[in-house]
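One structure below.
The values are calculated or read from the model by the stated rules, or taken from the named source; none is laboratory data. Just so it is clear, the model here is predicted, and its values are computed rather than measured. With ideal geometry, Cβ positions are generated from the backbone for all residues, glycine too; neighbour counts draw on all protein chains shown.
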């Protein structure tokens, strides 16, 4: 048996991220949310999302009851850098493998993320993976029309200050 760990939504503007765990043999799937607060200042600047992602990975492995000697395949994304180090420290180098996740684990994790952003009222673009920039602006325009949803935006990226929507939001938050 093998457990495969993937993420979805880390690079998107909306919501936090979803981290999913999939056991290939039994088709078990479970996921947890990495809260948007980890992608906002000051936590984002301190890279607290890395520590939190590691905690989520261990929680999911506990939920799926990782078997002795069962390998863990984990996405190559930087969000898992600390998790991989922590997993190797606990389980050894011969059980943890970085991979490009495809197929069912990727589909289920991505679907979970899309369901979460739909729950906010957002309708994602059909070809969002192929058109990342278009997806970003689609989300940003949705936020402009729904300013009450700004609390669900990842605002930690320094380049966002180029956009009036986020400058205004940051100024309002710093005055509180």
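Figures for the structure shown
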| quantity | calculated |
| --- | --- |
| Matching residues in region 16-35 - criterion: being within 30 Å of residue 140 (Cβ to Cβ) and touching a strand residue (DSSP E or B) at 6+ places or on another chain (Cβ under 8 Å) | 16, 17, 18, 19, 20, 31, 32, 33, 34 |
| Any chance residue 49 is free of Cβ contacts under 8 Å to residues at least 60 places away in the same chain and closer than 30 Å to residue 134 by Cβ | yes |
| Filtered residues of region 118-138 (kept if at pLDDT 85 or above, more than 16 Å from residue 154 (Cβ to Cβ) and part of a helix (DSSP H, G or I)) | 118, 119 |
| Residue in region 111-122 that is surrounded by 12 or more Cβ atoms within 10 Å (Cβ to Cβ), in contact with a strand residue (DSSP E or B) (Cβ under 8 Å, 6 or more places away or on another chain) and under 19 Å from residue 28 (Cβ atoms) present | yes |
| Verdict on residue 161 being under 18 Å from residue 41 (Cα atoms), assigned to a helix (DSSP H, G or I) and either modelled with pLDDT under 90 or touching a strand residue (DSSP E or B) at 6+ places or on another chain (Cβ under 9 Å) (or both) | yes |
| Residue selected from region 10-43 under the condition more than 15 Å from residue 79 (Cβ to Cβ) and touching a residue at least 60 places away in the same chain (Cβ under 8 Å), by the criterion surrounded by the fewest Cβ atoms within 10 Å (Cβ to Cβ) | 27 |
